[in-house]
1. Which residue out of 23, 66 is closer than 24 Å to residue 120 by Cβ, more than 17 Å from the chain's Cα centre (by Cα), not acidic (Asp, Glu) and not in a loop (DSSP other than H, G, I, E, B)?
2. Filter the stretch 26-53 for residues that are among the small types (Gly, Ala, Ser), outside any helix (DSSP H, G or I) and within 20 Å of the chain's Cα centre (by Cα); which is modelled with the highest pLDDT?
3. Of everything in the stretch 186-221 that's among the hydrophobic types (A, V, I, L, M, F, W, C) and more than 15 Å from the chain's Cα centre (by Cα), which residue is surrounded by the most Cβ atoms within 10 Å (Cβ to Cβ)?
4. Please list, ordered by residue number, the helices (runs of 4 or more DSSP H) wholly in the stretch 132-237 having 2 or more residues that are β-branched (Val, Ile, Thr) and in contact (Cβ under 8 Å) with a residue 12 or more places away in the chain.
5. Just the residues that are in a helix (DSSP H, G or I), farther than 18 Å from residue 199 by Cα and of a type in the set (Val, Ile, Thr), please, taken from the stretch 72-108.
6. Kindly establish whether residue 7 is in contact with a Pro (Cβ under 6 Å, 6 or more places away or on another chain), outside any helix (DSSP H, G or I) and buried (at least 17 other Cβ atoms within 10 Å of the Cβ).
7. Within the stretch 109-121, does at least one residue satisfy the condition of being farther than 17 Å from residue 49 by Cα and either at pLDDT 85 or above or not in a helix (DSSP H, G or I) (or both)?
8. Does residue 38 satisfy being crowded, with 16+ Cβ neighbours inside 10 Å, polar (S, T, N, Q) and either farther than 21 Å from residue 157 by Cβ or without any contact (Cβ under 8 Å) to a residue 40 or more places away in the chain (or both)?
Amino acid sequence: MSKQKILIIDDDKELTELLTEYLSYEGFELEACHDGVTGLSRAYDDSFSLILLDVMMPKLNGFEVLKALGGQHKTPILMLTAKGDNDDRVLGLELGADDYLAKPFQHRELLARINAILRRIKIVKSNENTVNHQEINDVRLDHATRQVFCHQQLVELTGTEFQILDLLMEHASKIVSKNEISEQVLKRKLSAFDRSIDMHISNIRRKLLEFSPSDKLKTIRGAGYIFLAGESQGENK
């Protein structure tokens with residue numbers, strides 16, 4: 001069985017060497033880039049299962065790499081941010097990162113985040129063989145191609161955004177709590193002051209509104225989110 005490949009984009013050579021050794025021992029194949037330009041060129045390689053992306057780097061920083069990718073990447077991205085810098089975390093999620101982890105971190109915590117992301121990707125792929133697509137309120141979600149269409153226009157979502165929308169559409173017209181989204185999609189409990197789910201929802205809403213005159217996501221303050229079924233609801237096929 002071939003090893004899953006991880007791309008590390010971080011200018012801290014000592015850290016990348018330590019992570020390469022540790023994650024290699026855990027069964028992953030690692031490749032490291034030490035500046036944003038080199039990292040960006042490698043990020044387009046679909047053979048990587050995950051990208052670890054640092055914020056502060058020479059040539060291009062992590063945010064500039066995300067901007068260049070344009071939120072259209074299929075490979076999940078875990079941002080490595082400064083401890084306590086909430087602005088970095090929010091901006092990273094706005095630009096298309098799937099999750100974040102604050103430095104310094106324990107290697108076991110990083111491994112847990114990596115495995116959680118890869119598990120949910122595996123779940124999505126397994127669903128491709130059961131339900132081909134669902135279509136509700138002029139939004140069509142195709143599991144086989146992992147594409148989303150709104151009013152027949154392609155909507156570019158990240159992997160995490162796709163999974164959150166899938167969950168909300170599966171429970172259309174019902175409230176889905178932030179805790180439930182975090183546990184089912186991010187595979188971790190929602191911690192205090194964690195805005196990751198809010199930012200992912202905001203991104204999905206913004207992207208859908210580019211092709212729709214009406215907002216399809218409703219925020220229920222203190223409770224969660226609802227995907228509106230509209231006047232008619234398509235059947236899962």
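1. Matching residue, one of 23, 66: 23.
2. Here the residue is 49.
3. This residue is 208.
4. 159-170, 196-209
5. none
6. no
7. There is at least one residue in the stretch 109-121 that is farther than 17 Å from residue 49 by Cα and either at pLDDT 85 or above or not in a helix (DSSP H, G or I) (or both).
8. It is false that residue 38 is crowded, with 16+ Cβ neighbours inside 10 Å, polar (S, T, N, Q) and either farther than 21 Å from residue 157 by Cβ or without any contact (Cβ under 8 Å) to a residue 40 or more places away in the chain (or both).
The values are calculated or read from the model by the stated rules, or taken from the named source; none is laboratory data. Predicted model, so just to flag it, every value in this text is computed and none were measured. Every residue, glycine among them, receives a Cβ derived from its backbone with ideal geometry; neighbour counts consider all protein chains shown.
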